[in-house]
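**Q** Please read through the structure below; I'll follow up with questions.
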Amino acid sequence: MGTTFCKEARCRVSDPSNPRTHELVGEDPRSGCANCGDEFKLGCEHYPRKVRHIYHSQHPLTLINRSDETGIAILERDKCNWCGGDLSNMFYRCSICGFCLDLHCFLKNPSPTITNPKSHHHPLLFFPRPFLLPCDACGLVNISEPVYTCFQCHYVVHQSCIDLPREIKITRHPHRLSYTPFSPPDYSTCQICYKSVDIKYGQYSCDHEGCSYVAHSKCATHEKVWDGNELEWEPDDTNETEDIAPFEKVSVGVIKYFCHEHHLKLHSYDRVRDADKQCEACILPMEYSRDFYTCMQCDFYLHQVCASLPRKFCHASHQHPLFLDPSPPNDDKYCSTCVREFSGFQYKCSRDDCQTTAPNFKVDIRCILVPDISTYKCHVHPLFINTCFSRGDTFYCNGCKRSRKDQMSRLECTLCEFILCYFCATLPDEVYYKHSEHPLSLCYGDEDVDDTYWCETCEKMIDPTRWFYTSTKWCITIHIGCILGTTMYMKHGFTYREGNDNLEIVRNSSNSRPICCRCAKRCQDLVYYKHQEMSFCSTECSRNYRIRHKALPLLDSHFLGRVSATVKQWL
């Protein structure tokens with residue numbers, strides 16, 4: 001259905017000093033201007049038929065539509081003379097010299113002069129040609145972006161770099177960063193993308209004594225790294241102490257945790273006594289940590305590492321500080337980075353302006369412990385957290401050997417093209433198996449192995465080139481999905497609401513495991529889901545069953561597909 005136009009609109013072909021109006025026919029596929037006689041395609045009335053543009057000021061440009069019979073031969077190989085991109089069906093063309101301009105470049109209309117620029121002490125003049133040299137402010141080449149220059153100083157800058165902030169704060173560094181037009185020779189690597197920094201161009205660096213933190217201009221001001229606040233005239237509160245301690249020390253080995261009413265006492269793990277205990281924060285069993293805190297009056301347990309996590313955390317996965325929320329997620333129980341279900345503690349962003357870029361952003365405890373840069377056994381080089389990409393981008397994960405999309409963070413190699421999704425990066429190095437005295441280790445696969453492996457649980461073949469858990473001493477091999485399942489981070493006894501129904505998480509400890517009402521298979525994970533008298537092996541089965549029986553409103557199919565692909569990738 002076409003767009004509905006107002007009866008009277010300004011004829012943009014007319015002289016602005018003597019404007020005229022044309023009358024558009026609302027649903028007519030070819031609308032005619034009653035005043036100037038020009039014809040417009042429906043939706044094209046916002047583009048003048050003829051215009052003089054600053055990108056080609058010497059000649060007028062005419063709007064061309066490939067579907068019209070204009071009498072002008074337009075070759076398929078024609079490209080925009082400004083950005084070099086392929087021309088679409090509609091573009092502007094100079095009938096005198098053949099200069100072509102696509103609509104994206106046409107909409108950019110930079111000012112001829114900037115008299116008082118923030119980044120320079122002289123006025124800047126627009127450079128009316130695509131510029132193929134690096135910008136002095138960011139060191140990058142971008143021919144599609146308008147460029148301004150100071151011929152007196154031989155200074156060249158992109159339009160978007162003219163107003164770069166003088167002083168900023170990012171979550172990846174504890175101090176403020178200041179913009180500098182160049183850096184000393186000892187500054188070499190950007191601490192965000194971990195690529196070399198050219199000292200001839202502008203960058204952000206830390207002014208604190210003994211701190212050598214430096215970042216590219218574009219990396220430091222990326223929308224997923226910087227919160228957008230200029231701090232040049234704001235007081236520096238970096239050195240002010242903030243009460244973010246999660247507990248108070250009562251006595252030796254005894255603490256008062258901020259969200260629990262009783263005192264907690266430090267214990268060492270005993271496999272016989274503590275086998276069934278789970279950490280309230282990360283939901284992993286106590287066996288994953290040598291020391292843990294236990295409540296002196298009730299069944300509340302915390303790993304010592306989890307109990308020490310601060311209430312406020314600045315993490316590389318998000319541009320705003322995150323705050324610890326001990327209440328389990330109710331409606332949306334998926335971690336924003338690894339897209340796993342969890343029912344433990346979460347770090348959440350409380351900024352209202354964050355809802356447009358990362359709505360309901362939250363990170364589980366397992367993912368918040370991933371450092372900015374770290375080493376993994378699966379790769380010879382360090383991996384760093386990268387958020388400077390679009391969620392629509394597709395990348396190949398070298399862990400699960402899959403193309404991933406709709407991800408907010410990933411881990412990339414500092415020296416090569418190796419990439420891990422957050423799901424693979426947070427898999428435990430060791431897991432405990434009920435039929436093995438010792439833990440199983442994560443094996444990262446081998447392309448040159450010709451042996452045949454069989455899964456201990458499902459009795460199906462294991463691809464030796466993909467990751468799996470194994471114990472060479474006990475000759476045990478298990479699929480990652482078979483031993484971890486989809487509910488490893490869900491705690492039994494927790495009830496949450498989905499749609500109009502309550503789902504209860506029940507421990508799967510009986511000898512006769514229940515049969516899922518959706519897939520008709522026995523529930524294999526440590527827990528299963530129960531709604532009234534019906535049992536389900538996963539939330540996906542529960543959701544599909546209730547959608548089919550019209551007990552749950554239809555949810556976003558795109559999000560469900562993303563979740564389904566993530567939780568099933570190792571099955």
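**Q** Throw me the Rg/Rh for region 147-280, computed over C-alpha atoms with Kirkwood Rh, two decimals.
**A** Radius of gyration over Kirkwood radius for region 147-280 works out to 1.22.
**Q** Multiply the residue gap between Ile244 and Ser95 by 0.36 nm, knock off their C-alpha separation, and tell me the result in nm, one decimal place.
**A** Result: 46.9 nm gained on full extension.
**Q** Let me ask another. According to a simple spin-label model (label point 7 Å from Cα along Cα-to-Cβ), what is the distance in nm between Ser441 and Cys475?
**A** 1.9
**Q** Sequence neighbours fewer than 8 away in the same chain don't count; with that in mind, list the lysines whose C-alpha is under 28 Å from Lys473.
**A** Straight-distance partners of Lys473: Lys277, Lys377, Lys401, Lys434, Lys460.
**Q** Same structure again: When the expected Rg is taken as 2.2 N^0.38 Å, what fraction or multiple of it is the alpha-carbon Rg of region 149-228?
**A** In units of the 2.2 N^0.38 Å rule of thumb, it is 1.09.
**Q** Something else about it: Leaving ligands and nucleic acids out of the surface, order Val250, Val431 by accessible area at 1.4 Å, largest first.
**A** These residues rank, largest area first, as Val250, Val431.
**Q** Further question: Once the whole set of protein chains is in place, how much accessible area is left on Arg129, using a 1.4 Å probe, in Å² to the nearest 10?
**A** Arg129 exposes around 130 Å² with every protein chain in place.
**Q** On to the next question. In µm²/s, what is D for region 206-289 at 10 °C and 1.306 mPa s, where D = kT/(6 pi eta Rh) by Stokes-Einstein and Rh is the Kirkwood radius from Cα pairs?
**A** 88
**Q** Okay, next question. Taking R0 as 56 Å, what FRET efficiency do you get between Ile143 and Asp450 from their Cβ-Cβ distance, rounded to the nearest 0.05?
**A** 0.65
**Q** As a test question: what accessible area, to the nearest 10 Å², does Phe313 have when a 1.4 Å probe is rolled over all protein chains in place?
**A** Surface open to solvent at Phe313 totals about 50 Å².
**Q** Based on the mean of other Cβ atoms within 10 Å per residue, sort peptides 251-261, 211-221, 272-282 so the most packed one is first.
**A** 211-221, 272-282, 251-261
**Q** So if we plug the beta-carbon distance of Lys521 and Gln58 into 1/(1 + (r/R0)^6) with R0 = 60 Å, what FRET efficiency do we get, rounded to 0.05?
**A** 0.25
**Q** With every protein chain in place, what's the accessible area of Val305 (1.4 Å probe, Å², nearest 10)?
**A** Number for this one is 90 Å².
The values are calculated or read from the model by the stated rules, or taken from the named source; none is laboratory data. For clarity, every value in this text was computed on a predicted model and none was experimentally measured. Because the Cβ atoms are built from the backbone with ideal geometry, glycine has one as well, and the counts that use them run over all protein chains shown. We work out accessible area using only protein heavy atoms, side chains counted, and drop any ligands, DNA or RNA first. Shrake-Rupley method; radii C 1.70, N 1.55, O 1.52, S 1.80 Å.
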